[in-house]
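Presented below is the structure to which this report refers.
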Amino acid sequence: MTGEPTNEERAERIDTVMQAYCLTLDGRDFEGDEDDFRDLLTDLMHFCERMEIDFNENLRVARDNYEHEREVETGIPNNLGCPECGCILEVSRTDTLLGIDRVIFDCQNCDGTFIRELTVADSPIERAVKCVGCGNLIVRSTARIFYQSDDLAHYIGECCWDERLRD
């Protein structure tokens with residue numbers, strides 16, 4: 001990870017932010033007070049609401065990025081390697097489909113997209129395909145082939161299956 005800051009440098013950046021935040025509150029230095037940190041998080045939530053930014057989704061992605069950055073720096077192997085080529089998967093987003101929270105990963109090496117459904121601990125990472133009905137990414141093993149042309153299959157998920165049958 002050439003050019004990337006260390007985790008210590010990342011923490012130092014936030015120390016600077018906390019110092020500036022406390023100065024705006026009442027002109028004092030930040031001394032590690034958790035109340036100040038909670039106030040900052042609360043204000044960030046208000047800011048996200050105003051800017052129409054999904055705070056919770058970004059917090060989930062940030063947690064995954066944090067774990068990834070810790071694993072890279074400590075040398076602990078990442079269990080979220082690409083099943084196709086073995087390189088480290090990067091979190092691209094999180095979402096919920098049919099009531100299931102999911103993390104979507106992209107492989108920068110082989111351009112694969114993978115999904116980990118957060119229904120059980122240690123759920124597997126599975127290849128993702130796009131649903132022809134709604135465009136959502138769906139787990140390939142749960143998808144049905146809607147139509148096939150040459151060697152290219154077009155998949156439909158449970159998200160649109162009933163809707164398509166009625167048409």
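The values are calculated or read from the model by the stated rules, or taken from the named source; none is laboratory data. Here the structure is a predicted model, which means the values were calculated and not measured. Heads up, the Cβs are rebuilt from the backbone with ideal geometry, glycines too, and the neighbour counts pull from every protein chain shown. The accessibility values were calculated without ligands, DNA or RNA, using every heavy atom of the protein model including side chains. Shrake-Rupley method; radii C 1.70, N 1.55, O 1.52, S 1.80 Å.
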Let me have the 222 nm mean residue ellipticity of the chain computed from DSSP H runs of 4+ only, each contributing -39500 (n - 2.57), with the sum over all residues rounded to the nearest 500. -13500 deg cm²/dmol
Quick one: which residues, 5+ away or cross-chain, put their amide H under 5 Å from the amide H of G133? H built at 1.01 Å from N. G157
Give me the dipole magnitude in Debye, nearest 20, for the stretch 1-114 about the Cα centre, with unit charges on the beta carbon: positive for Lys and Arg, negative for Asp and Glu. 380
Long-range amide H partners of D101 with built H, under 5 Å: L118
Counting only C-alpha contacts under 8 Å and six or more residues apart, can you give the relative contact order of the chain as a whole percent? 10
In order through the stretch 86-95: 3J(HN,Hα) via Karplus (6.51 cos²θ - 1.76 cosθ + 1.60), integer Hz, x for Gly, Pro: x, 6, 6, 7, 10, 6, 9, 5, 10, 7
Once you place label points 7 Å from the Cα toward the Cβ at N136 and D15, how far apart are they in nm? 4.5
Table column - 3J(HN,Hα) (Hz), the stretch 55-70, Karplus curve with 6.51, -1.76, 1.60, x for Gly and Pro: 4, 5, 4, 5, 5, 5, 5, 4, 4, 5, 5, 4, 4, 4, 5, 5
Whole-Hz couplings from phi, Karplus 6.51/-1.76/1.60, listed for the stretch 45-52; x for Gly and Pro: 5, 5, 4, 5, 4, 5, 8, 6
Considering only L118, C85, V129, whose Cα is most displaced toward the positive end of the charge dipole of the stretch 1-152, charges sitting on Cβ of Lys, Arg (+1) and Asp, Glu (-1)? V129
Unit charges at the beta carbon, dipole of the chain: most positive-side option, T16, V103, F47: V103
Set the Förster distance to 45 Å, then compute FRET efficiency between R144 and R50 from the Cβ-Cβ distance, nearest 0.05. 0.60
Expressed as a whole percentage, what fraction of the accessible surface of the stretch 29-167 belongs to carbon and sulfur atoms when a 1.4 Å probe is rolled over the protein heavy atoms? 46
Distance between Cα centroids, the stretch 33-98 to the stretch 5-25: provide it in whole Å. 18
With a 1.4 Å probe and all protein chains left in place, how much accessible area per residue does the chain have, in Å²? 69
Using a 1.4 Å probe and ignoring any ligands, DNA or RNA, find the accessible area of D35 and quote it in Å² to the nearest 10. 80
Options (1) 11.4; (2) 13.8; (3) 14.7 - which one matches mean projected area of the Cα convex hull in nm² as calculated here: (2)
Could you please put C22, C134 in sequence from largest to smallest accessible area, using a 1.4 Å probe? C134, C22
If DNA, RNA and ligands are ignored and the probe is 1.4 Å, what is the ranking of I138, I14 by accessible area, most exposed first? I14, I138
For S92, distant residues with modelled amide H under 5 Å away: I104, F105, D106
